[in-house]
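Asks: This is the structure I want to talk about, given as structure tokens.
The values are calculated or read from the model by the stated rules, or taken from the named source; none is laboratory data. Predicted, not measured: the structure shown is a model, and the values here were computed from it. Glycine gets a Cβ as well: all are built from the backbone with ideal geometry, and neighbour counts include every protein chain shown.
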Amino acid sequence: MTDDLPKFDRWNSKKLDVHTWSDQPEIKALCDQLYDEAGLSVLERKGNHKPKRTVRESLRVLILDLYVKWLKDPSISVGFSKGRNAYTVGSQYNGLHIPRKVVDVEAMLVEAGYIEKL
């Protein structure tokens, strides 16, 4: 089945849209399933520090943005920085409340076989 899908063109990409969101029960259920099956609970932070966006929320943003972009163009890629410095205080990603863990979420989804490497 994956052979029928168009290959991703890395030159045909758009930035991750952090404003893509849905509270639909089906989306929540899908993300909960992916969270459990990919073992994303290991990324949750322990202690008193409450992140602005949880791992589950980061997963939902990533999955929804991938889906919305795929609906428009199945060959499109979603881009975001994988460098640590891109998520420091005062950075573009930090200002949009995108945690560094989104990189780990993407890596674990790739490892589990749910998405291609972005």
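Asks: How many residues, within region 21-46, are within 24 Å of Arg100 (Cβ to Cβ), in a loop (DSSP other than H, G, I, E, B) and at pLDDT 90 or above?
Replies: 4
Asks: I want to confirm something. Restricting to region 50-101 and keeping residues that are part of a helix (DSSP H, G or I) and among the β-branched types (Val, Ile, Thr), which single residue is farthest from Gly39 (Cα to Cα)?
Replies: This residue is Val68.
Asks: Taking the options Lys117, Lys52, name whichever one is under 20 Å from Ser22 (Cβ atoms), out of contact with any Gly (no Cβ under 9 Å at 6 or more places or on another chain) and exposed (fewer than 12 other Cβ atoms within 10 Å of the Cβ).
Replies: Going through Lys117, Lys52 in turn, the sole match is Lys52.
Asks: Before we move on, is Val68 surrounded by 11 or more Cβ atoms within 10 Å (Cβ to Cβ) and under 10 Å from the mean Cα position of the chain (by Cα)?
Replies: No.
Asks: Residue by residue through region 102-118, note down the ones that are touching a strand residue (DSSP E or B) at 6+ places or on another chain (Cβ under 7 Å) and within 14 Å of Leu34 (Cβ to Cβ).
Replies: Passing the criteria: none in range.
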